[in-house]
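A short worksheet on the structure shown next.
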């Protein structure tokens, strides 16, 4: 039973560029949440997708957008990259009405903006 | 604003010692989880507590949810080098359709 899969694992981009990160949730999970984790910090909530709709959003600018596909996989897009966007981006999956029981996380995508 | 405050931020102790990590908030949570994260990996769920006053044990780890569901603690008995990692507490405000908010973490180092 595959867990959460994220791609790519590492990425280097230049300021001003755009990036797309991908996530396949754990089998049987229908909800995908994205987090940004700066070095030495806890993960910060970006947004959550359920039934192909953005259900909740954290305090991130509109440069951060996402999508969920009918097979529950998801993408995170970041436009006009800034140096401060360098971080580990984590995807977490869960079963829609069982958020309270926690998430299954992927290993993350390490994004470096230069 | 960090809704969940963890203390201490860093802890380095000798193998065999006991330790407690705290997670505090002014908000009430429907549930609270503890995760452990290794470098370069995503957090791994250790336990979820949902009832005020609940205590759960996972081998040498004991987790407690405060009576008012605003705080939690993680106690490790006879720490081992394999316990080294970043410990994160996280809370969900509601039982469904809710985001999970993370604390800033406690970085634990166990010296052999």
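Brief remarks on what is shown
Residue-by-condition table, conditions (1) without any contact (Cβ under 8 Å) to a residue 40 or more places away in the chain; (2) under 30 Å from residue A:5 (Cβ atoms):
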site	(1), (2)
B:4	no, yes
B:11	no, no
B:16	no, no
B:29	no, yes
B:52	yes, no
B:56	yes, yes
B:74	no, yes
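- Any hit, the stretch B:90-103, residues being closer than 19 Å to residue B:20 by Cβ, under 14 Å from the mean Cα position of the chain (by Cα) and surrounded by fewer than 21 Cβ atoms within 10 Å (Cβ to Cβ): no
- Qualifying residue in the stretch B:104-112 (condition: modelled with pLDDT under 95 and under 19 Å from residue A:58 (Cα atoms)): yes
- Checking each residue in the stretch B:47-60 for being facing chain A (nearest Cβ under 9 Å) and in a strand (DSSP E or B) picks out B:47, B:48.
- Qualifying residue in the stretch B:70-90 (condition: in a strand (DSSP E or B) and within 7 Å of chain A (Cβ to nearest Cβ)): yes
- Among residues of the stretch B:10-43, those that are closer than 30 Å to residue A:10 by Cα, under 12 Å from the mean Cα position of the chain (by Cα) and surrounded by fewer than 16 Cβ atoms within 10 Å (Cβ to Cβ), counted: 0
- Filter pass, residue A:21 being at pLDDT 95 or above, surrounded by 15 or more Cβ atoms within 10 Å (Cβ to Cβ) and within 11 Å of the chain's Cα centre (by Cα): yes
- Meets criteria (out of contact with any helix residue (DSSP H, G or I) (no Cβ under 6 Å at 6 or more places or on another chain), surrounded by 13 or more Cβ atoms within 10 Å (Cβ to Cβ) and not in a loop (DSSP other than H, G, I, E, B)) for residue A:41: no
- Scan of the stretch B:35-45 for residues that are assigned to a strand (DSSP E or B) and either facing another protein chain (nearest Cβ under 9 Å) or closer than 10 Å to residue A:107 by Cα (or both), ordered by number: B:35, B:37, B:44, B:45
- Strands (runs of 3 or more DSSP E) lying entirely in the stretch A:46-114 (those with 1 or more residues that are more than 14 Å from every other protein chain (Cβ to nearest Cβ), touching a residue at least 60 places away in the same chain (Cβ under 8 Å) and buried (at least 18 other Cβ atoms within 10 Å of the Cβ)): A:74-78, A:109-113
- There is at least one residue in the stretch A:17-32 that is closer than 23 Å to residue B:104 by Cα, in contact (Cβ under 8 Å) with a residue 24 or more places away in the chain and out of contact with any helix residue (DSSP H, G or I) (no Cβ under 6 Å at 6 or more places or on another chain).
The values are calculated or read from the model by the stated rules, or taken from the named source; none is laboratory data. Predicted model, so just to flag it, every value in this text is computed and none were measured. Glycine also receives a Cβ, built like all others from the backbone with ideal geometry; neighbour counts cover every protein chain displayed.
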